[in-house]
Amino acid sequence: MNTQISRRAISIATLVLLAVFFVAVNLFSNISFRTSRIDLTQSSLFTLSDGTRNMLQEIEEPITLRFFFSESLATDYPRIRTYAGRVRDILEEMRSYADGNLVLEVIDPEPFSEEEDRAQSLGLKGAPTTEGEVIYFGLAGTNLVDGLEAIPFFTDEREEYLEYDVARLIQNLKRPEKPVLGIVTNLPLDTGAGGLQAAMRGESQSFLIYDELLDRFSLEFLEQDFDSIPNSIDVVMIAHPKPLDEQTTYAIDQFMMRGGRALVFLDPHSEVSLTAGPNGQPVQGYTEASSLDQLMASWGVDLDPTKVIGDRGNAQRVQAGRNVRRQQTDYVVWMALGPDDANSDDVVTADIDRLNLGTVGHLLPREDATTTFSPILSSSTDSMLLDLEFVKTGPTPDALLRAFEPTDEAYVIAARVAGPLKSAFADGPPPPSEDAQPGASPDPESHLAESNGDANFIIVADSEIFDDRFWVQEQSYLGERIAIPMADNATFILNAVDNLMGSNDLISLRAREKSERPFLVVDELRREAEATFLAEEEALQAKIAETEERLAALQTRAPAGADVEEFLSEDEALEIRQFRAELAESRTALRDVQRNLRRGIEDLGSTVRFVNVALVPLLIAGLALVLALLRAQRRKRRAGL
């Protein structure tokens, strides 16, 4: 009996000691390793980037961050609590790199408290719950000159941009005066497709890329006819301009001669310009094509205005039209560029995951250029040049595919141009226009025939890069426009402007934004299957059309309503029966081709799902079974069985 009590006491004591040890280990790890982390993700998603650390270490005056989170009200919302923990972790990590110049306050605003009033006054927005409570989950930052930046509410959709959003907030507070970006454009960036009148009526909204630029830079629109570019402008963005007169062209030319930096978007066929507004018409004064021939010749670059690139290797998937048996097909004039199509050595395109472009032109260096031409975006080698007039007729995606003949050549879509420039106005300033104000003409003495040092600018042969439809999904949350990017179009433009302004820290942050990863092998298999389908479909449809035509020719010999075979010879009647049989056979074959295409894609998807979901568990289970059998055999051998 005593032995039994003793064993029970030992067991209880062991359990108690294990419980104490477990609690002690947890307390010790929480205290000692609170800031220790091991980031095992492939792209180090939970580690601050070099750009963030550099920016934090360069903070000169204290910045205060106030993180408002209604922790006590969010107990029933585990997703928000988990995300809030991540936000708090990243804020604390940022504070540790800022050498004391980043002050962090974590505030739990109780209902009807002064903290709640403070959150509202700082621009934060509360989300109502089903119980009638209001949860605050936002961030407000201030600097010593009363600058205020806020993230009204952290939404799930922008979780992958968390570091960038917070870093941008700090960057804006760190530099009270934003750099100035001059804009020359005929695109309705600030009003949307409806134009100014529709925007004033609330029927049209600005392009989301405009909001991104406005948050980062001080924007100054230059009227389309100007005589000079102010010295206050750091970089000029020329985005699909209307035809410029000589005075305006000269102003841009001399800006570049003075060492000015520019980001230029030209397009032989701008679909975004043709986008209809609320009245069903494009903005008045739209420009279908843009070019700067005189300046481009001076810069050493050509843009063919009669051709656009067809890229089957990077084609976007679009609705297949009236073919109900196929949901989507490749559209070769809309392309989705990936990392393999970008120059990884250029910081502007480093780690760009996806760029969605449409009806893209191609750039070529001129033989007499004084500049160097470095491609930064190119099509795949599964490309060709399509005649623009043919594309403007609106051929179907399948018609484009049937006309597609790849040239095994990659065409340049965007390029960095650097080196000395010669003025496009070799004879000095152009004569003043008739309506020029006295004294407004440029001084011939100040004319620069050559650039002061090497120029450095970027040219892109596309304007659809600005179009919301191509790169972003818009959501409304608590009255705010939330941009959910599906491509890195805005990242590319912001990277380019930041790079031309000489700031590369934020570029490394944007490069961390990861969109969904494409299934390259699956895409290639699907592309091959569709190519086979289109070839077979075209042959069968031609045969069906020919048979129907011959059948109709024979049938028209009989009067309306009469039996056709009564007016035909036996040979002709036999031929009709053969035609009908051929027709039925061809249609059956066509249905088989369409069915096989769909079945092949479905089988491919099933195989991929099996490999991703079941293969690894099955392999592990098989390995465990083999080990168990081997162990059982060893036990039998030891037992001498």
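The values are calculated or read from the model by the stated rules, or taken from the named source; none is laboratory data. Keep in mind the model is a prediction, meaning the values are calculated, not measured. Note that we place each Cβ from the backbone using ideal geometry, even for glycine, and neighbour counts take in every protein chain shown. The accessibility values were calculated without ligands, DNA or RNA, using every heavy atom of the protein model including side chains. Shrake-Rupley method; radii C 1.70, N 1.55, O 1.52, S 1.80 Å.
One table, with the values for the structure above:
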{"item": "Label-point separation in nm, Phe610 to Phe112, each point 7 Å along Cα→Cβ", "result": "6.3"}
{"item": "Relative packing of 129-138, 409-418, which averages over residues the other C-beta atoms within 10 Å, highest first", "result": "409-418, 129-138"}
{"item": "Heavy-atom surface of the range 206-323, accessible at 1.4 Å and reported per residue (Å²)", "result": "39"}
{"item": "The range 353-463 - percent of accessible surface contributed by carbon and sulfur, probe 1.4 Å", "result": "49"}
{"item": "Euclidean distance of C-alpha centroids, the range 326-383 and the range 242-315, integer Å", "result": "17"}
{"item": "Surface per residue (accessible, 1.4 Å probe) for the range 379-434, Å²", "result": "49"}
{"item": "Cross-link reach list, aspartates and glutamates versus Lys543, counting only Cα pairs under 13 Å and skipping chain neighbours closer than eight places", "result": "Glu582, Glu585"}
{"item": "Solvent-accessible area per residue, Å², over the range 54-167 with all protein chains present [probe radius 1.4 Å]", "result": "48"}
{"item": "Separation of the Val20 and Arg469 label points, Cα + 7 Å toward Cβ, nm", "result": "7.2"}
{"item": "Carbon plus sulfur fraction of accessible area for the range 137-193, probe 1.4 Å, in percent", "result": "44"}
{"item": "Relative packing of 63-71, 423-431, which averages over residues the other C-beta atoms within 10 Å, highest first", "result": "63-71, 423-431"}
{"item": "Partners for Lys178 among aspartates and glutamates (Cα-Cα distance below 14 Å; same-chain residues under 8 apart left out)", "result": "Glu149, Glu212, Asp215, Glu220, Asp234, Asp498"}
{"item": "Percent accessible area from carbon and sulfur atoms, the range 209-259, protein chains only, probe 1.4 Å", "result": "44"}
{"item": "Mean Cβ count within 10 Å, highest first, over the residues of peptides 116-126, 263-273", "result": "263-273, 116-126"}
{"item": "Computed FRET value (nearest 0.05) for Arg550 with Leu630, which takes r as the C-beta separation and R₀ as 56 Å", "result": "0.20"}
{"item": "Separation in nanometres of the label points that stand 7 Å from Cα toward Cβ, at Gln328 and Glu177", "result": "4.8"}
{"item": "Label point 7 Å beyond Cα of Asp408 along Cβ direction - residues of the range 371-398 with amide nitrogen under 13 Å", "result": "381-383"}
{"item": "Among the listed pairs Lys242/Lys392; Lys307/Lys422; Lys125/Lys242; Lys174/Lys242, those beyond 31 Å (Cα-Cα)", "result": "Lys125/Lys242; Lys174/Lys242"}
